[in-house]
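Notes follow the structure.
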Amino acid sequence: MRALRIGMIGIGVGGAEILPAMDSMESIELVAGADLVPATLATFRARYPEARTYPSARELCEDADVDAVWIATPNRFHAEHAILAAEHGKHIVVEKPMATTLADAARMVEAAERHGVKMLAGHTRAFTTPIRALRRLIESGRYGGLRALNIWSYSDWMLRPRTPDELDVAQGGGIPFRQGPHQVDTVRLLGGGMLRSVRAQVGQWMPERPIPGYYSAFLEFENGVPATIAHNGYGYFVGAELVPWGADKAIYDVDRRVAIRGAMRAGTRDEAREKQEIRIGGDREKEYFASVSQAAWVPEDMGLAIASLDRADVRQSRHGLFIHDDAGKHDIEIAGGRETAVVQRRAELEELYRAVVHGAPLWHDGRWGMATLEVCLAMMQSARERREIMLAHQVPVPAGYDADMPIPKA
Ligand SMILES: NC(=O)c1ccc[n+]([C@@H]2O[C@H](COP(=O)([O-])OP(=O)(O)OC[C@H]3O[C@@H](n4cnc5c(N)ncnc54)[C@H](O)[C@@H]3O)[C@@H](O)[C@H]2O)c1
């Protein structure tokens, strides 16, 4: 069994979030990194002395010893970098959102197919263990058919430090582009993939942030099953407070959120410095990632997901799922439910590995990512035009997906 040799393009906050998962896998070898910032490359080199570093995506793509790239550059570069990688014969994982327009996503799909490389649209919470276990339970039919899905998230996403491009919707900024994919991917995975339409409203009510920090959306599947998703990123109330074990698991505690909001209002916040502090080698890197690496599930960015079936409601619990059925309430520990987020984040790397090395099917391919992007874009269009938007690029969850994952039992 040989290791898959990965090059990371864009070693920022999102990139750093996946590094511990890569470090923990024998089947993955991180062999190169590319970034525009020399200090970031120097830190990367210090941490991975065997790896090569490049000041551009192109030079990394020209490295013959790289099998696949992990693209974690700002959203506006995803299409350019994915197409560049495909042209150099590299397999690809692209961070969410896959692109900022459907036309770009279609060009990425076309390039991957033309050059015969695998492209995985990744890094959404649909890959997390409770959601995958919940999908297996729904698919088993044990509690009848799926009737409704509801996901709510309250996060401090709008208070986290941002670069100027992140404060521009045209470049993929704001909650619908950046956080929408977590909930949309999850809804699509749980409901079978084929959404029919979207009606949404988007909110932007913090003067210091010229991007939407809120959405509510009503999604309907082809078979009539409804789903609602909502995300409020303004950070007054955070979802972690909903569970007894979650109080200290938010990225910022309440005092920090108060201080950050105050500094933003006073115009005294140095966001560039703060963002650098949570990137690789930064003073707060470990503290920041500790909150996203814990073993217990808390309603963080993706939120609380509740699936209603004919004879049960099912939702995430600390290490698995709560099943509320005709016999009462059961807290079911699921396989992998005690693993840290680091281990759970291996899922997409494993999917890529199996696809590239063993020729297994790639489930979250470019067409899957494009379908999720279509919904995020439709949410924004629906809000602008105040009408329901019909969808045209949806694809089903492939047959056989996650067949090895045990079906949770009450
Ligand atoms: N899945 C998640 O949970 C998650 C979390 C955070 C970020 N992300 C995603 O990661 C991506 C980046 O966001 P971020 O918060 O990490 O931003 P960031 O600014 O911290 O990281 C981007 C990095 O890319 C580098 N870069 C910019 N232009 C480049 C270029 N042309 N070539 C090479 N490198 C370049 C920057 O110097 C920076 O280090 C976004 O798509 C975002 O949605 C995902």
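Just so you know, all these numbers are worked out from the coordinates, no wet-lab data involved. Keep in mind the model is a prediction, meaning the values are calculated, not measured. Methodologically, a virtual Cβ is constructed for each residue, glycine included, from the backbone with ideal geometry; neighbour enumeration extends over all protein chains shown.
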In the stretch 315-410, how does Rg compare with the Kirkwood Rh, expressed as the Rg/Rh ratio over alpha carbon atoms?
1.07
Label point at residue 115 placed 7 Å out along Cα→Cβ; residues across the stretch 43-60 whose backbone nitrogen lies under 20 Å:
52-60
For an R0 of 56 angstrom, estimate the FRET efficiency from the Cβ-Cβ distance between residue 242 and residue 47 and round to the nearest 0.05.
0.95
Cα centroid distance between the stretch 32-89 and the stretch 372-407, in Å?
30
Please list the equivalent ellipsoid semi-axes of the stretch 247-374, computed as the square roots of five times the alpha-carbon gyration tensor eigenvalues, in descending order and whole angstrom.
33, 24, 16
Determine, for 237, 77, 44, the number of other Cβ atoms within 10 Å of each Cβ, and report the residues in order from fewest to most.
237, 77, 44
Go ahead and set up a Gaussian network model of the chain, Cα springs under 10 Å, then flag whichever of 247, 72, 86 fluctuates most.
247
Here the net charge surrounding residue 56, from other residues whose Cβ is less than 15 Å away from its Cβ (Lys, Arg +1; Asp, Glu -1), is -3
Please state the relative contact order of the chain as a whole percent: Cα pairs under 8 Å, 6+ residues apart?
21
Rounded, prolate or oblate: which one fits the stretch 59-215, using the alpha carbon gyration tensor with axes a ≥ b ≥ c (rounded when a/c is under 1.5, else prolate when a/b beats b/c, else oblate)?
oblate
Give the calculated FRET efficiency between residue 62 and residue 310 to the nearest 0.05, with a Förster radius of 45 Å applied to their Cβ-Cβ distance.
0.25
Ranked packing of 166-175, 390-399, most packed first, by mean Cβ within 10 Å
166-175, 390-399
In terms of the Cα gyration tensor, with a ≥ b ≥ c the square roots of its eigenvalues, is the stretch 155-283 rounded because a/c is under 1.5, prolate because a/b exceeds b/c, or oblate?
prolate
Figure the gain on full extension for residue 277 and residue 403 (residue separation times 0.36 nm, minus the Cα-Cα span) and round it to one decimal in nm.
41.3 nm
Anyone know which of 203, 89, 224 comes out most mobile in the 10 Å Cα GNM of the chain?
224
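Most exposed first by the Cβ proxy, i.e. fewest other Cβ within 10 Å, how do 26, 374, 222, 95 rank?
26, 222, 374, 95
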Comparing 266, 217, 42 in a Gaussian network model of the chain (Cα, 10 Å), the one with the largest mean-square fluctuation is 266
Neighbour counts of other C-beta atoms within 10 Å: give me 140, 155 arranged from fewest to most.
140, 155
Using the alpha carbon gyration tensor of the chain, what are the three equivalent-ellipsoid semi-axes (square root of 5 times each eigenvalue), largest first, in whole Å?
30, 26, 22
